[in-house]
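What follows is a single structure, and I will ask about it in a moment.
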Amino acid sequence: MSYAIFLAIIGGLIFLFYRYITRDARVRTEALAEEFPVEWRRILMERVAFYLSLTKNEKQRFEKSVQVFLAQTLITGVQTEVDDTTRVLVAASAIIPVFGFPDWEYGNLSEVLIVPDAWREAHDPNKEMTPLQGQLLGSVRNFQTSHYMHLSKASLEQGFKDSLDKQNVGIHEFAHLLDQADGVIDGVPSMALPPELLQPWAEVMQREIEAIRDGKSDINSYAGTNEAEFFAVVTEYFFEKPEKLQENHPELYQLLSRALRQNPKKRFLRFAVDPREWLKTLRSRRKFGRNDPCPCGSGKKYKDCHLLQQQAAA
């Protein structure tokens, strides 16, 4: 092999290595340069209460985060179709828990696999199993250095249909990834919690888990399974019904607010009509006459209020 050929090979390898290590930065730059798709904005406006609670500038930041996430993350359907709605709801689920961290990226998330509905884990056929045991709506699995997420499509959509039921499987699973950012899913999101809050968080978590196991808490009983599930479940509660979480668990709400750098209760209270209620009304009556009162409660006609906003977004 001649010296010139050797140098050409080395140069080619260096170029390929450079392209590999700069891929994420290039994908991010390209995504941020694109216009936000009109259809994606419509999905957010009609399905994601968190998005509706944001200011104009925050909405733009949320949209850019959606674009970057979808550009960097492979979302694959397993025996089910993955359309724009599914992809945008997955992205929204990912962004909501970390919206307080503008530069956050989920390291080593290789793929999100979408399955049609709940599924069962493999189990010992010699052991009896109740109808609900082994049934999953979402999961995070490790394979070597990569993370793979499974999500039930039906449950993902249901999580955004009712924004007041304290349940959202997408947020739940991405809360696990946030928890795992320090290397272990243990209910202690060390990468988010300031060091001085680690001990208070551990104490409050144990106290709340005991109350759940004793049947003395309104937090979903699944949170009593272990510390990891506790964090994921209360994160759902925090974003879906923050005013109730603060009322019933003020210390827990304050710790989550500081850990996640967000105050969803304050966001929702800025509106005369709660965005969560607005979406519920929108779903109950899909079509509004142009001259009907806008169901958001503004007092304006639909054509002069949300219809106008939707047209402007387009």
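Using 0.36 nm times the number of residues separating A202 and D162, minus their current alpha carbon distance, what extension gain do you get? Working shown, then result.
Numbers: separation 40, 0.36 × 40 = 14.40 nm, distance 3.04 nm.
Working it through step by step, the gained length comes to 11.4 nm.
Pop the C-beta distance of Q60 and N291 into the FRET formula with R0 = 22 Å and round what comes out to the nearest 0.05.
Details: r = 31 Å, r/R0 = 1.41.
The pair Q60/N291 has a calculated efficiency of 0.10.
Return the distance in nm (one decimal) between the two label points of a simple spin-label model at D218 and Q135, each offset 7 Å from Cα along Cα→Cβ.
So the label points at D218 and Q135 sit 2.5 nm apart.
Let's test the formula: R0 of 30 Å, r as the Cβ-Cβ distance of D304 and R270. What FRET efficiency results, to the nearest 0.05?
Values: r = 21 Å, r/R0 = 0.69.
The value I calculate is 0.90.
Let me ask another. Taking the Cα-to-Cβ direction at E30 and at K280 and moving 7 Å from each Cα, how far apart do the two end points lie in nm?
Distance between the two pseudo-spin positions: 4.3 nm.
In nm, to one decimal, how far is the modelled label at V184 from the one at A154, with both set 7 Å along Cα→Cβ?
3.7 nm
At a Förster distance of 30 Å, what's the computed FRET efficiency of E39 paired with K244, Cβ-Cβ distance as r, to 0.05?
Numbers: r = 33 Å, r/R0 = 1.11.
Efficiency, rounded to the nearest 0.05: 0.35.
We did not get these values from a lab; they are worked out from the coordinates using the rules stated. What you see is a predicted model; the values in this text were computed from it and never measured. Neighbour counts are summed over all protein chains in view; Cβ atoms, including those assigned to glycine, are modelled from backbone coordinates with ideal geometry.
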